[in-house]
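Here the structure comes first, spelled out in structure tokens, and everything after it is commentary.
What follows draws every value from the coordinates through simple rules; no lab data is involved. Remember, it's a predicted structure, so these values are computed and weren't measured experimentally. A quick note on method: Cβ atoms are made from the backbone with ideal geometry, for glycine too, and the neighbour counts reach across all protein chains shown.
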Amino acid sequence: MDLESSSVRPETPPRPVALFVLGFGRSGTSALARVLSLCGAALPPNLLGATAENSRGFWEPRAAIHLNEVILRSRGMSAYDLALRPGAQPASGHGDDAALDRIRDFFATLPSAPVVVIKEPKITALIDLWFDGARRAGFDVAAVVAMRHPEEASASIGKRASRQNYVRPSPELSSAWWLKYTLLAERDTRDVPRVIVDFANLLDDWRREMKRISSALQIDLDPQDDAAIDEFLTPTLRHHRHCGSVSEPFGTDWVNAVHTELTAAACDDPWDPGVLDRVFDAYQVCERGFRTALEDSQRYRNLNRLMVPALVKVGLEVLALAHLRRGTWA
């Protein structure tokens, strides 16, 4: 037997790639997921279908939506929270083990393919868990971070709320949500292959953006049917356009600073992650402080509701009598 040939071992087959589409939910994430799937990335089964608010589909697995709700609620959290980081561990006391097991089970249901695209906006609030679960299931991890002008994203949220007969969120709330999910998507993907894609750029030239993604992530994204993508990705997908200045509802430069840096990143121009770190730290401190103040304020407001004016008047007179209406009580 040839010793040299006998020492040659078969190459380990490459691990499949879990390609996560992350970012704020009104930033073109659905369009990105669909175009990626039309360029060869497999989609999970049992998707959330098209609705009146998104007639071309969401392209996100229903199982992931349910799973994220379970994980968030186990920590007393919601996708609508403004906190950047989880404030509590699961009430079960099992830490992340149960969540990781469920995420790994989810990956076992995915089709066998070199690249599988996974999009569900709430994953952005739980990136570490999902990345860890994907790796445990035998996947490598890569990310596409979706970015959109904050004024357009805010308008999109408002329109969606109107269609669903929800209370329209204030510009302040929309801006805070945009900051939270955009900051988390950028910060928590720094250690994996990732690329930042502006929704406007995707609509302007999807071929260029797919080449950017393929090159940055070193994955093969080959359009299966250019005509199908052109038919899907029409300018009418962009219902809101804003080219002016960015509103700053918090008296800071946070929204503009984040948007400016990520716009540059989405064009492969020089940009400074340190700017986003500064905003992240400032936002986290302020959000925690105001949240604590508001929670305390609500407790006092609840107490104050019991103190109706008639009772206050009677109570004051009783105190006056107890002091015999002398001195300052006269």
Where a Cα-Cα gap under 13 Å defines reach, which aspartates and glutamates qualify for LYS180, not counting those fewer than 8 residues away within the same chain? ASP81, GLU172, ASP188, ASP277, ASP281, GLU287
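Shape of region 25-145 from its Cα gyration tensor (a ≥ b ≥ c, root eigenvalues): rounded if a/c is under 1.5, otherwise prolate when a/b > b/c, or oblate? Intermediate values should be presented prior to the final figure.
Values: a/c = 1.97, a/b = 1.33, b/c = 1.48.
The shape class here is oblate.
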When a/c reaches 1.5 or more, the comparison of a/b and b/c decides; with that in mind, is the chain rounded, prolate or oblate per its Cα gyration tensor? prolate
For the pair ASP191 and ASP225, how long in nm is the line joining their label points, each one 7 Å along Cα→Cβ? 4.1
So for the pair THR260, SER78, with labels modelled 7 Å out along Cα→Cβ, what separation do we get in nm? 3.4
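Order these by the 10 Å Cβ neighbour count, fewest first: LEU82, LEU19, LEU67.
Details: LEU82 15, LEU19 27, LEU67 23.
Ascending Cβ contact count within 10 Å gives the list LEU82, LEU67, LEU19.
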Pairing the Cα long axis of helix 150-163 with the longest principal axis of the chain, what angle in degrees results, from 0 to 90 and rounded to the nearest 10? 80
Sorted by Cβ neighbour density within 10 Å, fewest at the top, the residues ASP296, ASP105: ASP296, ASP105
Final fewest-first order of THR12, THR234, THR29 on the 10 Å Cβ neighbour count is THR12, THR234, THR29
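Apply 1/(1 + (r/R0)^6) to the Cβ-Cβ distance of ASP281 and ARG136, taking R0 = 45 Å, and write down the FRET efficiency to the nearest 0.05. It would help to have the intermediate numbers written out before the result.
On the way: r = 31 Å, r/R0 = 0.68.
Given R0 = 45 Å and the Cβ-Cβ separation, E is 0.90.
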Ignoring trypsin sites (Lys or Arg not before Pro) that are buried or in helix or strand per DSSP, and keeping those with at most 12 other beta carbon atoms within 10 Å, what is the longest stretch of the chain between them? 1-189
Divide by every residue of the chain the summed helix terms, -39500 (n - 2.57) for each DSSP H run of at least 4, and state the resulting mean residue ellipticity at 222 nm, rounded to the nearest 500 deg cm²/dmol. -16000 deg cm²/dmol
